[in-house]
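Have a look at the structure below before the remarks.
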Amino acid sequence: MIQSFIDYLKFEKHYSAHTIRSYQDDLVQFFDYIALQFGEQSLKAITPVLIRSWLASLKEEGLSSRSINRKISSLKSFFKYQMRSGEVEQSPMIAITSPKSSKRLPVYVEQQDVATLFGNISFPDNWEGWTDRLLLAVFYHTGIRLSELLHLQERQIDKGNRNIKVLGKGKKERVIPVGPVLMEGIEAYCQKKRAEFDKPDMQYLFVGKSGKKLYAKYVYRVVKKYLSQVTTVDKRSPHVLRHSFATHLMNEGAELNSVKELLGHSSLAATQVYTHNTIEKLKDVYKKAHPKA
């Protein structure tokens, strides 16, 4: 029942392993609850009343509206798939209303702090230092996701046209232009890689000191280490650099649709959150500059 849906997400939708695992965990949790409280039920026997019972139990456990909405989304996708497969005639989710959750503005690093990161922070003159500085630069100058950076291959770098082809969610490809300074840094890194290792993991752009592809924990550690030296924001993750990329573009007047394409968002709604950051910035400027503010 669940496995066919998981296979669909994996082989047809091409979702990431992390996303698929989230869907699977949500569905297993739901059906375990139903079996425990009401006994084994067929798909057609799942009613909105049973679903609301589960959601109420999650609320009692202290789960946030944001987390509950994610679980509702998982169930909606699951029953939509079951309708397509002919297992149910109608989704019980049509009677389920998602709880309202307060929108959290994306956390980002101020532009002057980014300038400090690349202009004043010292990186070791060794392989790890070269790798750390370049991966931070790629995150900030392209806005790519962690998974996209880890799987970024040399063949995706177009030096002549100065752009990077990124394979995003659902294996959708997008092209991100990069400036001459970053491209020169990438070229220099690739040359050093060939000189540094006998047999590096050549297909990937970034490799560790062993010559093997980087892993997520290493990148998280690097980003946290260096952002801690220039900013006091609570979150210091690769995604914060992605937020910084988008917010700074918006602050400089970039068109919303263009930022959407650069980030690889499927809908404009996902990108519009950065306009709120821009408005907050304008308010701050107004308060500081206007004599009557």
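Throughout, read-outs are computed from the coordinates displayed, never taken from laboratory work. Being a predicted model, the structure only gives us computed values, none of them experimental. When we count neighbours, we look across all protein chains shown, and the Cβ atoms used for this are built from the backbone with ideal geometry, even at glycine.
Tabulated results
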{"quantity": "Most mobile of 111, 24, 41 in a GNM of the chain (Cα contacts under 10 Å)", "calculated": "41"}
{"quantity": "Length added when fully stretched, residue 269-residue 172, from 0.36 nm per residue minus Cα-Cα", "calculated": "33.1 nm"}
{"quantity": "Total lysine pairs under 20 Å (Cα atoms) in the range 2-95, excluding pairs fewer than 8 apart on one chain", "calculated": "12"}
{"quantity": "Rounded FRET efficiency, nearest 0.05, which uses the C-beta distance separating residue 3 from residue 220 and R0 of 25 Å", "calculated": "0.20"}
{"quantity": "In degrees, nearest ten, helix 127-142 long axis to first principal axis of the chain (Cα)", "calculated": "60 degrees"}
{"quantity": "Globularity ratio of the range 21-73, using Cα Rg and 2.2 N^0.38 Å", "calculated": "1.09"}
{"quantity": "Segment residue 73-residue 57, length gained on full extension (0.36 nm per residue, minus Cα span)", "calculated": "4.1 nm"}
{"quantity": "Protection proxy ranking, peptides 233-240, 52-59, average beta carbon neighbours within 10 Å, highest first", "calculated": "233-240, 52-59"}
{"quantity": "Backbone N within the range 134-156 under 11 Å of label point (7 Å from residue 18 Cα along the Cβ vector)", "calculated": "145-150"}
{"quantity": "Pairwise FRET efficiency - residue 66 versus residue 40, Cβ, R0 = 35 Å, nearest 0.05", "calculated": "0.70"}
{"quantity": "For the chain, calculated [θ]222 nm from helices alone, where every DSSP H run of n ≥ 4 adds -39500 (n - 2.57)", "calculated": "-18500 deg cm²/dmol"}
{"quantity": "Among 169-180, 258-269, 132-143, the order from most to least packed when residues are scored by Cβ within 10 Å on average", "calculated": "132-143, 258-269, 169-180"}
{"quantity": "Pairs of alpha carbons in the range 144-224 whose separation is greater than 20 Å (percent)", "calculated": "36 percent"}
{"quantity": "Gyration tensor (Cα) of the range 158-293, equivalent ellipsoid semi-axes in angstrom", "calculated": "33, 19, 15"}
{"quantity": "Estimated translational D of the chain in µm²/s (Stokes, Kirkwood radius over Cα pairs; 37 °C; 0.692 mPa s)", "calculated": "149 µm²/s"}
